[in-house]
Amino acid sequence: MNLKTLTKRIFLLDAHYPRSIIAFIILCTIFFIWKIPNLEIDPGLRSLVPEDHKIVKNMELAEELFSSNEIIIVAVESDELLSERTLLKFSSLHDSLENLSSVSRVASIYNHRYIVPDDGGFEIQKLLEKIPSDSIGSSELIETIHASDIIGNLVSADLNIMCFIAQIIASTDFDEIKFREKLYGIVSGFEGPEKIHLASPIISSAESIDSVKRDMRTFRPLALGLMILLLILSFRSWTGTFLPLFVVGFSIIWTFGLMAWLDISVPIIGGLIPIMLIAIANNYGIHIISHYYEYTKLDQNLSRIEILKRTMKRLGMPIFLAGVTTVISFMSLITHELSKVTEIGLLVSFGIAVSFFLSLLLIPAILILVPRPTYLGKDTSLQFVNNFLVSWGKFFVRNRVPFLAILFTGMFLFSFGIRDITIDTVPDHFFPKDSKIRKASQVISQTFGGSTQLNILVEGDIYDPLSLQHIDKLMNHIKEKNKAVSSTYSIADVIKKMHYSFNNGNPDSLSIPSSRELIEQYMFLYSIASEDNDFDLILNDTDDPSFTQCFVRIKKVSTADLMALVDDTEDYISSNYYDERPIKPMLTGPAALLGAVSHLVIKGQIISLAIAAIIIFMIMSIVFRSFIGGILASLPMSLAVLLIFGLLGNFGIPLNMTTSLLTCVLVGVGIDYSVHFLWHLREHIRDGEELEEAITNTLKVSGKGILFNGISVIVGFSVLMYSVFMPLKAFSVLIMASIGFCLIGGMAILPAMVSLIDPQFIRK
């Protein structure tokens with residue numbers, strides 16, 4: 001069965017059973033809406049990465065052994081930090097943080113212990129035995145702080161800021177939003193006059209969720225309102241206004257209903273789904289109604305069924321091609337290695353497919369039942385649109401050579417910006433520079449070396465001197481080779497400190513002992529002197545450890561630095577630690593995950609774009625039975641992709657998980673304008689019109705639908721310009737610019753190109 005037969009049968013269903021079709025669609029909508037209240041949001045970065053990714057596997061192993069991969073830093077800033085009043089006040093904060101169910105332990109000056117030499121041995125001293133009540137006690141505390149090597153770790157160099165480092169217990173049911181609310185509730189009770197700063201990828205994730213939720217509550221109705229206004233201005237009838245919106249609403253409900261029935265959680269970027277469907281899903285309905293109204297104006301004597309039959313005959317193939325290419329574009333995301341991006345691609349594809357079929361079923365069924373707007377037979381208030389489109393087309397046809405020369409020269413020069421494209425997947429950077437979360441992150445980064453960690457899980461005979469030497473060597477390499485690293489910490493540091501103290505502070509003894517027995521003796525002595533187990537986070541078993549966890553604190557959290565750190569560390573590990581080596585290091589933690597996500601963003605962007613572009617080009621070539629036809633149909637979209645990457649590089653807009661969806665939207669939607677123009681142009685040529693006349697009439701009859709579609713997409717995404725969530729703002733600006741370019745491409749570039757080369761495929 002060919003497409004014409006399928007279109008004809010769908011129309012016959014509409015013509016004979018309109019009420020049954022409407023009832024069936026309503027019942028399906030009720031079925032999907034039933035489960036929507038059960039949808040949940042998944043904000044975590046880990047859910048984006050495939051479950052079998054080595055970083056995810058390493059993190060799961062680390063959490064099984066040590067229960068924690070992430071930290072939260074709470075920094076307290078005060079001009080009287082070490083006063084009795086301040087220290088007493090914030091000792092309660094330490095206790096409150098430890099009492100949080102999701103926190104395994106808290107490190108601060110209140111519980112810090114350090115190693116000091118003691119007559120041929122060492123002892124473990126508590127930093128803050130008691131809170132000083134006078135200047136003498138404060139002076140002694142300052143001396144102790146300097147002696148204990150916590151400057152830049154727990155206390156700032158100027159002694160005006162101290163921090164609390166909370167280790168988060170890994171849990172499958174951990175809720176970032178609820179935890180952040182509890183944490184903010186605790187912290188708010190201690191603010192004033194002291195300043196309190198909080199930083200962590202967990203906090204950033206929770207803030208991102210709140211921002212997206214807030215934006216979606218505001219922007220979805222705003223986008224809908226703007227769409228209604230646009231449709232009212234375009235069609236000035238309730239059918240022209242609300243029928244496309246019915247399709248949009250049903251496609252959104254069906255898409256989220258499918259997610260609920262399949263138990264798919266909504267990722268943080270999933271908030272884009274309704275905005276994308278509002279902007280895209282009404283396209284097919286707009287084309288149908290626009291042509292239906294135009295044909296009604298041309299012949300008032302035809303019945304509604306006859307006009308619809310004519311409309312569907314003309315639009316069947318171009319609408320089908322537009323739907324298929326858009327679906328294919330989003331389906332190409334199945335190759336993306338970020339699992340949630342793949343899900344979004346499949347879900348948006350489903351929503352678009354739903355909108356396509358509903359446009360063919362629901363809109364004609366309703367148009368058959370309701371009278372046509374009375375103004376169509378006499379009103380000419382929108383005639384200026386047709387006149388504008390005709391004049392527009394003639395201008396670009398007559399000035400095709402200089403226009404195309406300027407266009408291609410400009411695009412060539414603009415494309416040099418591609419070299420400067422950057423990647424940014426750091427959650428803190430999703431907010432404006434003057435936001436509270438960015439400022440807190442900056443303070444903590446400058447003072448304590450950052451709140452983001454790279455964890456390294458090491459398997460081996462940990463008390464073997466050779467193993468400890470390798471761990472120490474690995475940590476030294478990371479510190480020396482990576483400017484983003486502020487500090488490292490491992491069991492090797494503890495052993496070296498004990499050996500140093502045992503030898504009365506001899507500088508030559510700040511090294512790993514050569515004797516395993518001596519190392520075990522040090523650990524035994526430490527366990528006796530300590531009040532509790534200080535090694536829960538770095539040793540899986542104090543007596544005979546087979547795993548240890550090392551920590552790398554990162555001060556300059558940029559995606560480029562993270563990727564460089566992760567890549568360098570992985571290269572070093574693969575080059576130095578392989579079969580029969582004493583240790584097996586494995587990267588884990590938030591920084592490793594961010595690095596993995598960044599690589600997957602780049603890889604996924606390139607592969608999905610290439611697949612979508614190639615498939616769509618092949619389809620266009622087959623449909624028009626011409627290689628030149630495929631090139632012309634794909635040309636505006638290809639130039640728009642070039643424009644996007646040029647904008648990313650020239651204006652310093654980073655590529656991230658959100659902006660990586662740009663090309664799919666662009667390729668899927670941008671090709672529609674080319675398809676409609678070329679298909680209808682060929683129909684006019686077949687009707688016996690000369691080329692220039694055919695171009696003019698194509699823009700006159702079909703141009704309004706193309707124009708309204710392009711404007712509706714731009715209007716739908718324009719609301720995101722006012723988002724405080726930077727990826728959404730960037731997404732909005734870029735998609736508006738590129739879709740606007742595609743619109744110009746279908747109504748200016750293609751008329752100019754076709755008139756210049758007069759391709760033979762439009763005459764077949």
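What follows draws every value from the coordinates through simple rules; no lab data is involved. From a predicted model like this one, the values you see are computed outputs, not experimental measurements. Note that each Cβ is placed from the backbone with ideal geometry, even for glycine, and that neighbours are counted across all protein chains shown.
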Inset, instruction - Would you please calculate the Kirkwood hydrodynamic radius of region 554-638 over all C-alpha pairs and express it in Å, rounded to one decimal? - result: 16.4 Å
Inset, instruction - Could you please state, rounded to a whole Å, how far the C-alpha centre of region 691-759 is from the C-alpha centre of region 572-617? - result: 36 Å
Legend entry - Loop GluC sites (Glu not before Pro), region 629-699, which have at most 16 other Cβ atoms in a 10 Å radius of their Cβ (DSSP): GLU689, GLU690
Inset, instruction - Please give the helix 3-16 orientation as an angle from the longest Cα principal axis of the chain, in degrees from 0 to 90, rounded to the nearest 10. - result: 80 degrees
Legend entry - Reachable aspartates and glutamates from LYS89, criterion Cα separation under 19 angstrom, eight or more residues apart if same chain: GLU77, ASP79, GLU80, GLU98, GLU129, ASP134, GLU191, GLU194
Inset, instruction - Give me the angle, in degrees from 0 to 90, between the Cα long axis of helix 726-744 and the longest principal axis of the Cα atoms of the chain, rounded to the nearest 10. - result: 20 degrees
Legend entry - Low-density loop cleavage sites - trypsin sites (Lys or Arg not before Pro) in region 427-460, where at most 13 other Cβ are within 10 Å (DSSP): LYS433
Inset, instruction - For SER391 and VAL116, compute 0.36 nm times the residue count separating them, minus their Cα-Cα distance, and round to one decimal in nm. - result: 90.3 nm
Inset, instruction - Return one number: the angle in degrees, 0 to 90 and rounded to the nearest 10, between the long axis of the Cα atoms of helix 383-398 and the longest principal axis of the Cα atoms of the chain. - result: 80 degrees
Legend entry - DSSP bridge orientation in the chain - percent antiparallel, rounded to nearest 5: 90 percent
Inset, instruction - Give the residue from GLY345, GLY257, LEU360 lying farthest towards the positive end of the charge dipole for region 218-375; charges sit on Cβ (+1 for Lys and Arg, -1 for Asp and Glu) and the dipole is referred to the Cα centre. - result: LEU360
Legend entry - Cross-link table LYS35/LYS309; LYS182/LYS729; LYS178/LYS439; LYS555/LYS584; LYS130/LYS195; LYS439/LYS496, entries beyond 31 Å C-alpha to C-alpha: LYS35/LYS309; LYS439/LYS496
Inset, instruction - May I ask you to list the lysines whose Cα is less than 25 Å away from that of LYS394, ignoring any residue fewer than eight positions away on the same chain? - result: LYS297, LYS700, LYS704, LYS764
Inset, instruction - Determine the sum of side-chain charges near GLY137: Lys and Arg each +1, Asp and Glu each -1, restricted to other residues whose C-beta is under 12 angstrom from that of GLY137. - result: -4
Inset, instruction - Rounding to the nearest 20 debye, state how big the charge dipole of region 610-764 is about its Cα centre with +1 on each Lys and Arg Cβ and -1 on each Asp and Glu Cβ. - result: 320 debye
Inset, instruction - Would you mind ranking VAL443, VAL641 so that the residue whose beta carbon has the fewest other beta carbons within 10 Å leads the list? - result: VAL443, VAL641
Inset, instruction - Would you mind giving the three semi-axes, in whole Å and largest first, of the ellipsoid equivalent to region 428-486 according to its Cα gyration tensor? - result: 34, 12, 9
Inset, instruction - With no solvent and one equal point scatterer per Cα, compute the Debye intensity ratio I(q)/I(0) for region 121-188 at 0.18, 0.20, 0.25 Å⁻¹ and report its log10, rounded to two decimals. - result: -0.86, -0.93, -1.14
Inset, instruction - Enter the Cα centre distance for the pair region 195-242 and region 413-427, rounded to the nearest angstrom. - result: 27 Å
Legend entry - Kirkwood Rh, angstrom, region 236-304 [1 / mean 1/r, Cα pairs]: 14.0 Å
Legend entry - Which of PHE416, PHE617 has the fewest Cβ neighbours within 10 Å, and the rest in rising order: PHE416, PHE617
Legend entry - region 436-527: equivalent-ellipsoid semi-axes (sqrt of 5 x gyration tensor eigenvalues, Cα, Å): 30, 15, 13
Inset, instruction - Hey, can you grab everything whose amide H is under 5 Å from the amide H of SER486? Only 5+ residues off in sequence or another chain; H modelled, so Pro and N-termini drop out. - result: ARG553, ILE554, LYS555
Legend entry - Residue order, fewest to most surrounding Cβ atoms within 10 angstrom, among PHE256, PHE651, PHE547: PHE651, PHE547, PHE256
Inset, instruction - Provide, in order from the shortest bin, the percent of all Cα-Cα pairs of region 633-748 in each 10 Å bin, continuing until the bin that contains the maximum pair distance. - result: 15, 41, 27, 13, 5, 0
Legend entry - Cα centre as origin, Lys/Arg/Asp/Glu Cβ charges: region 458-599 dipole, Debye: 760 debye
Inset, instruction - Can you tell me which of 22-29, 219-226 comes out highest on packing, and rank the rest after it, using the mean Cβ neighbours within 10 Å? - result: 219-226, 22-29
Inset, instruction - Enumerate the calculated ³J(HN,Hα) couplings along region 245-251 in order (Karplus 6.51 cos²θ - 1.76 cosθ + 1.60, θ = phi - 60°), each rounded to whole Hz, writing x wherever the residue is Gly or Pro. - result: 5, 4, 4, 4, x, 5, 5
Inset, instruction - Could you list which residues have their amide H under 5 Å from that of ARG105, counting only those 5 or more apart in sequence or on another chain, with H placed in the peptide plane? - result: GLN167
Legend entry - Options PHE219, ILE131, VAL103, ranked by Cα towards positive dipole end of region 94-237, top entry (Cβ charges): PHE219
Inset, instruction - Can you find, among SER527, ASN576, LEU389, the residue farthest towards the positive end of the dipole of the chain? Put +1 on the C-beta of Lys and Arg, -1 on that of Asp and Glu. - result: LEU389
Legend entry - Taking only Cα atoms of region 612-658, radius of gyration then Dmax in Å: 13.8, 41
Legend entry - Dipole in debye (nearest 20) - the chain, about Cα centre, beta carbon charges: Lys, Arg +1; Asp, Glu -1: 5980 debye
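Which order, highest average first, do 460-473, 743-756 follow once you tally other Cβ atoms within 10 Å for each residue and take the mean per peptide?
For the peptides 460-473, 743-756, the packing ranking is 743-756, 460-473.
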Legend entry - Ranked packing of 561-569, 355-363, 277-285, most packed first, by mean Cβ within 10 Å: 277-285, 355-363, 561-569
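Largest first and in whole Å, what are the equivalent-ellipsoid semi-axes of region 707-764 based on the Cα gyration tensor, each being the root of 5 times an eigenvalue?
So the equivalent ellipsoid measures 33, 10, 7 Å along its semi-axes.
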